[in-house]
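Chemist: I'd like to ask you about the structure that follows.
The values are calculated or read from the model by the stated rules, or taken from the named source; none is laboratory data. Treat the numbers as computed from the prediction; the structure is a model and nothing was measured. Counting neighbours? That spans all protein chains shown, and the Cβs are built from the backbone with ideal geometry, glycine included.
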């Protein structure tokens, strides 16, 4: 791991740094003051100074799940802590420690290169490893919480490094203890427990269809299948700016679900815990006629209504005004409130 024991040199301040290439929406954001963080040991001194000044601060990883303003005030920490290593092994699991600045998809590919299956359903999700537990990223029937052992972070409230177990993280759908306590923790390392007794997860409808004739698919085949499905549905941020799925799938109780189903027999939904139902946000947006919709430089992707895109020249205001229009229409048509998935800084 790139977590040196010797204290590294203090990071140099970067004033008025362009973040256009550091957010997948490609929004023309400027960081008032930024620091490249390459080691956890840089954080105590830097954060002591930053917090004593009382100014705003934020962490930016891959910039894949954020909507950035034209000027990002205060201090921006650019998370670049690297490193991947196997740290333990027993009869049931292999533990892997990963720096928070590592690219998530590259890490998933690395696990398969080292014959460590488990994370293949989460392939091609943009962003960094450090952001994964904050959002509890998930896709195709799996969540990062399914494989996480612990998280190491700098606790800004206590001014100390802490290790949070999986139970400490209070994971829920696209939620975590980190998300519930914004501005408190800076994730520096994540430890995963990958099962030796691996079982393929093919229950998600797209994977069930793709592997209908191959129920014993290998982890690498699933990895490639997930990449193929995602690439067919979602735009490449390098080609057209976007933050992936823009709205969370809303969760409704049984009564509301039955009422909606009576009105909309084709309602797309999935079983959730405790008898609730998870509605497909993309289906709701699509039914309101937004697929391919355009509002100036911002629009909705023509292949997936869940994705808001930057056609070029969009600002945070353009993105958020379109999102608000969609939220109001879905509320009017279905009585369901959509929550934005990316963080709005």
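Chemist: If you check every pair at least six apart or on different chains, which have Cβ atoms under 7 Å apart with a residue in segment 175-201 that is outside the structural domain of residue 93 (by TED's automatic domain parsing) and touching a residue at least 40 places away in the same chain (Cβ under 8 Å) first and a residue that is surrounded by 23 or more Cβ atoms within 10 Å (Cβ to Cβ) and in a strand (DSSP E or B) second?
Modeler: none
Chemist: Which residues, counting only those in segment 231-250, are crowded, with 19+ Cβ neighbours inside 10 Å and outside any loop (DSSP other than H, G, I, E, B)?
Modeler: Passing the criteria: 241, 242, 243, 244, 245, 247.
Chemist: Separate question: Given the criterion at negative phi and in contact (Cβ under 8 Å) with a residue 60 or more places away in the chain, identify the matching residue among 287, 256.
Modeler: Result of the check over 287, 256: 256.
Chemist: Give segment 136-159 a look and list any residue that's in contact (Cβ under 8 Å) with a residue 60 or more places away in the chain and more than 22 Å from residue 74 (Cβ to Cβ), or say none.
Modeler: Listed by number, the residues that qualify are 139, 140, 141, 152.
Chemist: Tell me, which strands (runs of 3 or more DSSP E) wholly within segment 116-230 include 2 or more residues that are under 23 Å from residue 248 (Cβ atoms)?
Modeler: 148-155, 185-195
Chemist: Quickly run through segment 39-57 and pick out the residues that are more than 14 Å from residue 153 (Cα to Cα) and either touching a strand residue (DSSP E or B) at 6+ places or on another chain (Cβ under 8 Å) or surrounded by 14 or more Cβ atoms within 10 Å (Cβ to Cβ) (or both).
Modeler: Result: 46, 50, 51, 55, 56, 57.
Chemist: Let me ask another. Filter segment 251-297 down to residues that are assigned to a loop (DSSP other than H, G, I, E, B) and under 14 Å from residue 173 (Cα atoms) and give me whichever is farthest from the chain's Cα centre (by Cα).
Modeler: Out of the qualifying residues, it is 276.
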